[in-house]
Structure formats: structure tokens, C-alpha cells
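Take a look at the structure below.
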Amino acid sequence: MDDDFDPDLTDPDLFGDGPPHEIFQRLRDEDPLHGHQPTSNTPDGEPYWSLTRHEDVAWAARNADLFSSAGGGDREGGGTLIEDLPAGFAAGVLFNMQDDPRHHHIRRQLTPALSPRSLRRIRTELAGRCDRLLDAALERGRSDVLVEVAAELPLQAISSLMGVPQEDRHFLLDWADATLDYDDHNPGETSRRASEAGAAMATYCTRVLAEKRACPADDILSTIVHADLPPEAEPGGPLSDLEQEMLFHLLVAAGSETTRNSIAAGLLALMERPEDWAALRADRGLIPDAVEECLRWASSTIYNRRTATADVERHGRTIGAGDKVVLWWQSANFDERVFPDPHRFDIRRRPNPHLSFGLGSHFCLGANLARVEIELVLDGLLDRVERLEPAGQVERTRSNKHAGFRHVPMWLRPPEAGDEDE
Ligand code: HEM
């Protein structure tokens, strides 16, 4: 490997125009277990390992005992961001930053509400919501599809599933945007906007959880506050107040931020390929494969980190207990060892073993929901729109963690009167 090649994957600007494909490709080819040295952007000023090949990322994700989401070795903090989060506050407490067995038992409480069966029940409600958003966007003709459609449907869906009043949903989204964006700060730092949003959200969350304790309903927050874990969850009984609050935050962030970016990335790709749009309009049976390709293409969660719990050999090197290991889902999704012609957006790609939802014990709990949301938007737009056309500057978020969009203006062109009958 060329000594001069020392990419800084902790620099959010590297991801400003989309995935840094050339860098990931070189790492996959030349240095699949890359020892990333700290730069001025790197939180904690510490080195970390980068896994970029599909096979290696999948290996680490499947081996949760060896690669912990909470922490490992002598390290005090941990979690799934490159920066160490304090143990007992986020690492080990926030649901996706916990290890089994506790993680497993909490997950069992949450799974039913997001199962295909439950989603079949709310599909009609979501389809109605989607129709209203699309009709309004079509009436305008020129639409910021990110704001008006792609962000709105997941936000309405997660508010409904959690049992949060719809009129509060934009407050939740503002919090998620402020916290997850690196627009005004770097990874590992905070900003005034993020701190203020965090404080307002904490007050809101405490109030809503208290309401659910007093008046349970058929929603995820009620499940969380009334959960009674078995002793094997260590400890059994209810989730701690902090666990409940952090889970609330996680569901808002995960439910609102990721799906919208997959919808936006997919629509942008389809806008550039009118022949694919026409093919989908003619054959809706192609939608499920197209949805998977939107997910791969967007790779909206760019990475998650783990901490090695013991020394482990890979590619002739030793990852030491306590070392940080970063699983670059986005790179794995473009690994030419697994995906033929990976830089081609292919609505017929099959198989499509993308890792956009992760893998193993932390596999995305919202995967079914996200798939339904993307499918509803695609299907609804295909019904109404003959052509998607650019209508202005696309704005991306600045982040090496979430591949996101802020604005995606498009003209939604309905078929000319009479065209559909021909
Ligand atoms: C396209 C949309 C989505 C993408 C790309 C995505 C991506 C991911 C990924 C990569 C993970 C694994 C994290 C890890 O291994 O450390 C994950 C976990 C998770 N996701 Fe999603 N997600 C999406 C939508 C959603 C939605 C809509 C929800 C809402 C319920 C959600 C809730 C969760 C939760 C709760 C976890 C933690 C699971 C666990 O630790 O057991 N996600 N997601």
C-alpha cells in the first residue's frame, strides 16, 4: 500500500458529495483492515481499525461477542460511534449500544410492534398518509421531495407507532436534525443548536413517558414503559428511566432520519434513468427489487463502530482487545467481490445482499417499516408521475455517519391528459 495514501474517513467533508468511492475501493483492494491514524478531525485523537470489504464487515457484525456495541478491553467508554461515549450513560444503556443478554431481552419487547404482521395492520393508514402527501406535492408540481414527502412519511409513521401526537412531529424532527447533523460541528463535538435541541427534547420525552405510564395505549412507548424483563436480562424488571429515555431518542432518530435519505437517493437515481422509471410504471412487480437497490445505493447509515473484546487476527494483523473497529456498511455495499458492476443502479439486481440495515443481533429493527415506506412512496409516485425532472440544487448533509439530504427539488410531471389511455 502506497505510504502517501492516508485518507481521513473522520472528515465529514470527504462525504459531502456522496460516498468517497475511490477511497473505499482502494482500502478494499489494498488494505482491508486499515489502521486509521488520528487526524485533527478524529474524535478522542485515537487510532481505529477500518473494515471495508463486505465479507469482513459481515464477519464482525455477526460476531457480537467479539465485537461489542457497548465496549471492551480496558476501555471505559464505548458505543457505536467513532467517538467514545461514556459507559453508563450511552454505551451499555442506549438500546443499540447494549450487548446481549440485556439487548436481546429488550429487543424481544420491541419486535412485535415492527413485525410484518403489525405493519400489515397499519399499512392502510400509512398508504392514506402517503397519498395525501403525494397529492399535495403533485398539485404544486415543483416539490422539494425530501422535505415534503421523503421526510414527512417516515416522521408521521414513527410518531403514530410510538404514540406521539402528530402535531409534535416537527419538533421531534428538528431535534433529530440538530443532533445528527455535522453542519455546524465536527464528530465528537457538540453545538449550541444541538445542546438546546437536546434539552428541549429531554423535557418533552420525560413528559410523554410519564403520560404513557399513567395512561397506556397500543403503542411502542407504552410497551417500553411497562416492559417487565425476565431475570436473565440482568437485571430483570422494568427498563431504567435512562434506558427508556434513550430508547425514545433512538426511535425518533432512527425512524425519521434514515428512511428519508434512502427514498431521496432512490428518486434521484431514478430521475437520471427515465427508462427505469418507465419500466417500473409498466411493471410494479419490479418494485421490491427496486426498493432493495434504493437501500443499497443510499447506504444511508454509513458506518457503525464496535469495540474488540479480545485479541483477534485478521488479514495478518492483530486487533487488540479494547481497539475501536469501524464497520463501513457503505463500502461493503459497493464491494465488487459481491456486487457485479456495483456503481450501476440496477432496479433488477438480484441477489442484493446489501448491509444497509446491518447484520446479526443488531440488524435494524425498523427494516420492515422502512421497506414499506419506500415502497409506498415509489408506488404512489409511479401512479401519478410520468417523469421526474431536476428543479434546482440538491443539498446534502455534512456527515460521515448518515448519508443524508436536506433539499431535493424536483418537477413531478404527470402524464399529459389522454396519454394514459393510449
Ligand atoms: C432505510 C432506513 C434505515 C436504515 C438504512 C437503517 C440502518 C440501521 C443499521 C445499519 C442498524 C444496525 C446498527 C448496528 O449494527 O450498530 C440499525 C439498527 C436499528 N434501527 Fe435502523 N435503519 C433504518 C430505518 C429504521 C427505522 C424506520 C427504525 C424505526 C423503528 C429503525 C430503528 C432501528 C433500531 C431500534 C435499531 C437498533 C437495533 C438493535 O440494536 O438491535 N431503523 N438500523
Q) Roughly how many Å is it from the Cα centre of region 208-235 to that of region 272-319, as a whole number? A) 33
Q: Within the chain, what's the longest run with no trypsin sites (Lys or Arg not before Pro) in a DSSP loop and at most 14 other beta-carbon atoms within 10 Å? Give the range, please.
A: 1-336
**Q.** Test item: Cα-centred dipole of the chain, Lys/Arg +1 and Asp/Glu -1 on Cβ, debye
**A.** 1160
Q. So, how do all the Cα-to-Cα distances of region 32-82 break down into 10 Å bins, in percent, from 0 on up?
A. 22, 52, 26, 0
Q: Please report, largest first and rounded to whole Å, the three semi-axes of the ellipsoid equivalent to region 355-417, where each semi-axis is the square root of five times an eigenvalue of the C-alpha gyration tensor.
A: 29, 19, 6
Q.
More than 16 angstrom separation, counting every C-alpha pair in region 273-320; what % is that?
A. 63
(Q) Can you show me the helix-derived [θ] at 222 nm for the chain, built from DSSP H runs with n ≥ 4 at -39,500 (n - 2.57) apiece and divided by the number of residues, rounded to the nearest 500. (A) -13500 deg cm²/dmol
(Q) I need to check one value: relative contact order of the chain, counting alpha carbon pairs closer than 8 Å and at least 6 residues apart, in percent. (A) 26
Q. Which value, in Å to one decimal place, does the Kirkwood hydrodynamic radius take for region 1-126 when every pair of different Cα atoms is included?
A. 17.3
Q. In region 301-400, what chymotrypsin sites (Phe, Trp or Tyr not before Pro) fall in a loop by DSSP, with at most 14 other Cβ atoms inside 10 Å?
A. F363
**Q.** Overall form of region 313-422 per C-alpha gyration tensor (a/c, 1.5; a/b vs b/c)
**A.** prolate
Q: Just the Kirkwood number for region 62-170, please: inverse of mean 1/r across all distinct Cα pairs, in Å, one decimal.
A: 16.9
Q. What is the distance, in nm, between label points placed 7 Å from the Cα along the Cα-to-Cβ direction at D219 and at H315?
A. 4.6
**Q.** log₁₀ of I(q)/I(0) at q = 0.11, 0.15 Å⁻¹ - region 208-308, Debye sum with one point per alpha carbon
**A.** -0.59, -0.80
Q: Determine the shape class of region 316-378: with a ≥ b ≥ c the square roots of the Cα gyration tensor eigenvalues, call it rounded for a/c under 1.5, and otherwise prolate if a/b is greater than b/c, oblate otherwise.
A: oblate
**Q.** Scattering curve values for region 137-250, log₁₀ I(q)/I(0), Debye with Cα scatterers, q = 0.14, 0.16, 0.19 Å⁻¹
**A.** -0.71, -0.87, -1.07
Q: Report Rg(Cα)/(2.2 N^0.38 Å) for region 46-110, keeping two decimals.
A: 1.15
Q. Using θ = phi - 60° and the Karplus form 6.51 cos²θ - 1.76 cosθ + 1.60, what ³J(HN,Hα) does each residue of region 346-361 get, whole Hz, x for Gly and Pro?
A. 10, 5, 10, 4, 7, x, 9, x, 5, 10, 4, 9, x, 6, x, 5
Q) Scanning the chain for helices, which whole DSSP H stretches are 20 Å or more long along the axis (Cα) and average 0.0 or more by Kyte-Doolittle? A) 241-271, 367-384
Q: Subtracting the Cα-Cα distance from 0.36 nm times the residue separation, let me have the gained length for E30 to E272 in nm, one decimal.
A: 83.9 nm
Q: Take the alpha carbon gyration tensor of region 185-266, find the square roots of its eigenvalues, order them as a ≥ b ≥ c, and report rounded if a/c is under 1.5; if not, report prolate when a/b exceeds b/c, else oblate.
A: prolate
Q.
So if I place +1 on the C-beta of Lys and Arg and -1 on the C-beta of Asp and Glu, and nothing else carries charge, what would the dipole magnitude of region 288-331 be about its Cα centre? I want it in debye, nearest 20.
A. 240
Q: Would you kindly calculate the translational diffusion coefficient of the chain, applying Stokes-Einstein with the Kirkwood radius from alpha carbon pairs, for 20 °C and a viscosity of 1.002 mPa s, and quote it in µm² s⁻¹ without decimals?
A: 96
Q: For region 69-111, calculate the relative contact order in percent as a whole number, restricting contacts to Cα pairs under 8 Å that are 6 or more residues apart.
A: 31
(Q) Below 8 Å between Cα atoms, with a sequence gap of 6+, how large is the relative contact order for region 154-258 in percent? (A) 34
Q: For region 251-374, just the Cα set please: Rg and Dmax, both in angstrom.
A: 16.6, 54
Q: Compare the Cα positions of A90, G77, P101 along the charge dipole of region 1-153 (+1 at Cβ of Lys, Arg; -1 at Cβ of Asp, Glu; about the Cα centre) and return the one farthest towards the positive end.
A: P101
Q. Considering the dipole of the chain built from charges on the beta carbon (Lys and Arg +1, Asp and Glu -1) around the Cα centre, which of S40, L270, G237 is farthest to its positive end?
A. G237
Q) So how do D131, D8 rank on accessible area, 1.4 Å probe, biggest first, that is with the largest at the start? A) D131, D8
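The values are calculated or read from the model by the stated rules, or taken from the named source; none is laboratory data. Note that this is a predicted model, so its numbers are computed, not measured. A quick note on method: Cβ atoms are made from the backbone with ideal geometry, for glycine too, and the neighbour counts reach across all protein chains shown. The area values use the complete protein model at the heavy-atom level, side chains included, leaving out ligands, DNA and RNA. Shrake-Rupley method; radii C 1.70, N 1.55, O 1.52, S 1.80 Å.
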